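Encoded as structure tokens, the structure appears first; notes follow it.
The values are calculated or read from the model by the stated rules, or taken from the named source; none is laboratory data. Remember, predicted model here, so these are calculated numbers, not experimental data. Glycine also receives a Cβ, built like all others from the backbone with ideal geometry; neighbour counts cover every protein chain displayed. To get the accessible areas, we keep the full protein, side chains included, count just its heavy atoms, and leave off ligands, DNA and RNA. Shrake-Rupley method; radii C 1.70, N 1.55, O 1.52, S 1.80 Å.
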Amino acid sequence: MSEPLPDSSDRDLYARMRAGDERALSELYDRHAERMYSLARSVCSDPADAEEAVADAFLRLWRAGDYDPERGTVGAFLAVVTRSRALDRVRARKRRGRAEEKGAAQDPQGFAVEV
């Protein structure tokens, strides 16, 4: 794996991305996605949840524009958002599991009712 370019180039890519350059987003994705996926997998047991967390982080970078270069690097922003989204997915999975268990306990035949 090659080393990412210095942060200033990430900032330049971010500025281009904010101006609507989809290729800049693609370059940021190529630089950071592998590390973000590794981070998400350390939180999520389900690979699909990890992939969704990474996609959510890059979508937020693209749409929200709430990354502030004065507060940190693009990589740090993506890491915080990826971790947050991964934790959200783990919590949601646990809530669904509890709801299904509760439904199964309430059904006389022991089947989970659709949530």
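Some points to look at:
- Extension gain, ARG71-VAL90: 0.36 nm per intervening residue step, less the Cα-Cα distance, totals 4.1 nm.
- Its Cα centre serving as origin, region 3-86 has a Cβ charge dipole (Lys and Arg +1, Asp and Glu -1) of approximately 160 debye.
- Dimensionless Rg over Rh [region 1-94; C-alpha; Kirkwood]: 0.98
- Region 11-75, accessible surface, carbon-and-sulfur percent (1.4 angstrom probe): 45
- Dimensions of region 7-60 along the principal axes, based on C-alpha atoms and rounded to the nearest Å, stand at 35, 19, 13, largest first.
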